[in-house]
Amino acid sequence: MTAVTTSSPTARRDRVPGAPKPPRGLPGVRKIALIGGAYLIALIFITPYIEMFLTALRPVNETSDPTIIPKHLQWSNFTTVFSGDSSFGTNMRITLEVAFGATFLVLLVALPAAYYTARKKFRGRKAFLLLVLVTQMFQPTAMVVGIYGEMRDLGGINSVWALVVVDAGFNLAFAVWILSAYFAAIPVELEQAAMIDGATRLGAFRRVTIPLAMPGIVTALIFTFIAAWNEFIVALTLTTSPDKAPFSVAVDNYIGQYTVDYGHLFASTLIATIPVIVLFGLIERRVVDGLTAGSIK
């Protein structure tokens, strides 16, 4: 006697290609709470930017108005910062040069230093890494007098290269520390296999190690870029001419002794955040991979 087995209509529908999917159930209370909490935290973080945007649109005669939304929108605050006697466009260009220059210099020095530290067990290696970490304890404010004297003797006042060198110096230790830990997590056997196939050590480093370490490299890149972009104390000390200063110093000119030009202050600040937002949006996935794949331990 042969047994006949039957399947339920639901099971048959699941196996048929193109069959409609069963309706999803309503999200649970825990999921709703997590989503609501995430949106609430995002709103808390974005609220200052919304306030800055609304204040940038306020005319001068409505600066002290208690209303949240201005009665008259003055969009010209976003354009007049680039016109007239203002050198904000030049200040933005200088900031871009300093940030990209410092980031390039940091990666140029940190990549070989971190790779050698991760691969070679030389004497004093732990002391070197500890020294690298200790340098992070020094703040530019504590050494600004010495930095000014050194750059004055080298002719670095009101120059872009001086800001690039100083910003790179203060961010180099952080990049070496991150990249050293990330290179150490990459198996050395991958490089040895590439060298067996005929690649040189430099070729194996460029073709094998660098692509695998790209999340860590991008993490060091974005942190260095943002630090150089926002730096203020050293830039204020080493620049004495308004058209030679980065934007972080230029926006301070809207704050006077008795009055504050809130419209242009917040308009220029919002404009200055656009390049950082664009850069972070382009490499955001790489940054997340670098933070979660062991580059920071």
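Show that you can apply the helix-only estimate: for the chain, add -39,500 (n - 2.57) for every DSSP H stretch of four or more residues, divide by all residues, and state [θ] at 222 nm to the nearest 500.
Details: 13 runs with 188 residues, N = 297.
Computed mean residue ellipticity for the chain: -20500 deg cm²/dmol.
Given 25 °C and 0.890 mPa s, compute D for region 112-220 with the Stokes-Einstein relation, Rh being the Kirkwood radius over Cα pairs; round to the nearest whole µm²/s. Intermediate results must be reported in sequence, preceding the final value.
Working: Rh = 16.1 Å.
My calculation gives 153 µm²/s for D.
If packing is taken as the average count of other Cβ atoms within 10 Å, what order do 142-148, 218-224 fall into, highest mean first?
218-224, 142-148
Apply the Karplus parameterisation 6.51 cos²θ - 1.76 cosθ + 1.60, with θ equal to phi minus 60°, to every residue of region 183-188 and state each ³J(HN,Hα) to the nearest whole Hz, in sequence, with x for glycine and proline.
So the J values, rounded to whole Hz, are 5, 5, 7, 8, x, 5.
Choose one of His264, Val29, Ala227: the residue whose Cα lies farthest towards the positive end of the charge dipole of the chain (beta-carbon charges +1 Lys, Arg; -1 Asp, Glu; about the Cα centre).
Going by the Cα projections, it comes out as Val29.
Counting only the heavy atoms of the protein chains, how much of Trp177 is accessible to a 1.4 Å probe, in Å² to the nearest 10?
Around 100 Å² of this residue is reachable by solvent.
Normalise the Cα radius of gyration of region 153-297 by 2.2 N^0.38 Å (N = residues in it) and let me know the number.
Numbers: Rg = 20.2 Å, N = 145, 2.2 N^0.38 = 14.6 Å.
This ratio for region 153-297 stands at 1.39.
Listed highest first by mean packing, meaning other Cβ atoms within 10 Å per residue, what order do 135-141, 203-209 come in?
With the highest mean Cβ count within 10 Å placed first, the list reads 203-209, 135-141.
Using amide H atoms built 1.01 Å from N in the peptide plane, name the residues 5+ places from Ser76, or on other chains, whose amide H lies under 5 Å from its own.
none
How big is region 24-169 in terms of Cα radius of gyration and Dmax, in angstroms?
Cα only, region 24-169: 24.5, 71 Å (Rg, Dmax).
Could you give the dipole magnitude of the chain about its Cα centre, charging the beta-carbon of Lys and Arg +1 and that of Asp and Glu -1, in debye to the nearest 20?
That gives the chain a dipole magnitude of about 1820 debye.
I'd like to know which of Tyr148, Val132, Ala193 lies farthest towards the positive end of the charge dipole of region 121-217, counting +1 on Cβ of Lys and Arg and -1 on Cβ of Asp and Glu.
Ala193
Let me know the shape class of the chain, please: from the alpha-carbon gyration tensor, a ≥ b ≥ c as square roots of the eigenvalues, rounded when a/c is under 1.5, otherwise prolate if a/b is greater than b/c, or oblate.
Oblate is the answer for the chain, as a/c is 1.5 or above yet b/c matches or exceeds a/b.
Applying the Karplus parametrisation 6.51 cos²θ - 1.76 cosθ + 1.60 with θ = phi - 60° to the phi angles of region 145-160, what ³J(HN,Hα) value in whole Hz is obtained for each residue in order, glycine and proline being reported as x?
Values per residue, Gly and Pro as x: 5, x, 5, 5, x, 5, 5, 5, 5, 8, x, x, 5, 6, 10, 6 Hz.
Note down the relative contact order for region 107-239 as a percent, whole number, built from C-alpha pairs under 8 angstrom at least six residues apart. Mind dumping the intermediate values first?
Details: 104 pairs, mean separation 54.3, N = 133.
Once divided by the residue count of region 107-239, the mean separation gives 41 percent.
Whole-Hz ³J(HN,Hα) for each residue in region 250-265, computed from phi via Karplus 6.51 cos²θ - 1.76 cosθ + 1.60 with θ = phi - 60°, x for glycine and proline: what do you get?
Karplus-based 3J(HN,Hα) across region 250-265 equals 5, 5, 5, 5, 7, 9, x, 6, 10, 9, 10, 7, 5, x, 6, 4 Hz.
The values are calculated or read from the model by the stated rules, or taken from the named source; none is laboratory data. Everything numeric here is computed off the predicted structure, so don't read it as measured data. When we count neighbours, we look across all protein chains shown, and the Cβ atoms used for this are built from the backbone with ideal geometry, even at glycine. Remember, those area values only see protein heavy atoms, side chains included, never the ligands or the DNA or RNA. Shrake-Rupley method; radii C 1.70, N 1.55, O 1.52, S 1.80 Å.
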